[in-house]
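S.K.: What follows is a single structure, and I will ask about it in a moment.
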Amino acid sequence: MRLAAVQMAPGLKQPVQNLWSMTSLVMLAAAQKAELIVLPELATSGYSFMSALDVAPYAEVLVEGQGTLQHFRTLSTQLDVAIVWGMPVRDGDLFHNAQIMVMPDGSWIKCYKLNSWGNDFLWSTPGKESPPITTWRGKKIGLLICRDIRDKSSGFKDFYEKGDADIVAFSSNFGDGGFPSTSWMDFAKSNQVTLVVSNRYGRETCNNFGEGGVCIIDPPGPGQEYGTVHCEGLVWDQDCVVLADLV
């Protein structure tokens, strides 16, 4: 399976522009034979919302046949790829920082971010369930959003154990810092999974997401302390796609 990690800079409160960019990058990855394509956290909307009232116009109810969900379900079928992305979602009276995965047969799964960070505290209600795992093309694929990658030793909830998944699709707005993050490396190692890291770049009101940084991290092989990091194709401060083949 060929995996793709997408880097982009979602515009705050610019859903039309963001959807166009997301679609273009998915098509670019698919043209390079990617089968699983992962986009960043809150890719449809940007990140820096100040309240539930502020996010409300950009949060969608997940209904089959409507909105962004249907757009990517259709694109997934047309391109014969699985697509993962982040977006704000409304569920009744609550708003969530959500991640969705769609597959070519029209099926889809979702998860809500559990460990809040920054602006999440101002509008997003944490989820209550661990991220789902689905089987697609013979591989167990899990979802994960940004700060949820922290491990138990840091005092955060941990949602995966070794053997749960073969691949984890990780949508993040990870911020400026070391690349690759130690938490990414430790997650791939401790869970023995391939981690597809999609990330954003750029500044947004109160948040500096730095130059970005996307990659695909293999679990360690024999004699390795950490797995191989694939980042060929990464261009700092620009939209780009990193590809790697899962053996």
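S.K.: Restrict the check to segment 64-79 and report whether at least one residue is of a type in the set (V, I, T) and assigned to a strand (DSSP E or B).
M.R.: no
S.K.: Looking at segment 9-38, I want the residues that are touching a residue at least 40 places away in the same chain (Cβ under 8 Å) and more than 19 Å from I100 (Cβ to Cβ) and have a partner that is hydroxyl-bearing (S, T, Y) and surrounded by fewer than 16 Cβ atoms within 10 Å (Cβ to Cβ) with Cβ atoms under 7 Å, at least 6 apart or on another chain. Which pairs are those?
M.R.: Partner pairs satisfying both residue conditions: L12/T205.
S.K.: Then there is this: Would you mention how many residues in segment 26-72 are of a type in the set (D, E, K, R) and either within 19 Å of the chain's Cα centre (by Cα) or modelled with pLDDT under 95 (or both)?
M.R.: Of the residues in that region, 4 qualify.
S.K.: Residue under question is I149, and the condition is that it be within 14 Å of the chain's Cα centre (by Cα), of a type in the set (A, V, I, L, M) and over 22 Å from V26 (Cα atoms); does it hold?
M.R.: yes
S.K.: Counting residues that are closer than 18 Å to P10 by Cβ, which strands (runs of 3 or more DSSP E) fully inside segment 133-247 reach at least 1?
M.R.: It comes to 139-145, 167-171, 194-200, 240-245.
S.K.: Conditions: (1) over 17 Å from the mean Cα position of the chain (by Cα); (2) of a type outside the set (D, E); (3) under 24 Å from T125 (Cβ atoms). L75 meets all but one. Number of the miss?
M.R.: Every condition holds for L75 apart from (3).
S.K.: Also, quick follow-up: Is it the case, given these coordinates, that G163 is among the small types (G, A, S) and either free of Cβ contacts under 8 Å to residues at least 24 places away in the same chain or surrounded by fewer than 16 Cβ atoms within 10 Å (Cβ to Cβ) (or both)?
M.R.: Yes; evaluated as a whole, the condition is true for this residue.
S.K.: Kindly indicate which of T228, T205 is over 18 Å from I37 (Cβ atoms), surrounded by fewer than 21 Cβ atoms within 10 Å (Cβ to Cβ) and touching a Ser or Thr at 6+ places or on another chain (Cβ under 6 Å).
M.R.: Matching residue, one of T228, T205: T205.
S.K.: Identify all residues within segment 54-63 that are in contact (Cβ under 8 Å) with a residue 12 or more places away in the chain, of a type outside the set (G, A, S) and assigned to a loop (DSSP other than H, G, I, E, B); write none if there are none.
M.R.: V61, L62
Yes or no, residue by residue, for (1) part of a strand (DSSP E or B); (2) surrounded by fewer than 18 Cβ atoms within 10 Å (Cβ to Cβ); (3) of a type outside the set (A, V, I, L, M, F, W, C):
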{"site": "W85", "(1), (2), (3)": "yes, no, no"}
{"site": "V89", "(1), (2), (3)": "yes, no, no"}
{"site": "N97", "(1), (2), (3)": "yes, no, yes"}
{"site": "G106", "(1), (2), (3)": "no, yes, yes"}
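The values are calculated or read from the model by the stated rules, or taken from the named source; none is laboratory data. All values reported here derive from a predicted model rather than from experimental measurement. Backbone-built Cβ (ideal geometry, glycine too); neighbour counts: all protein chains shown.
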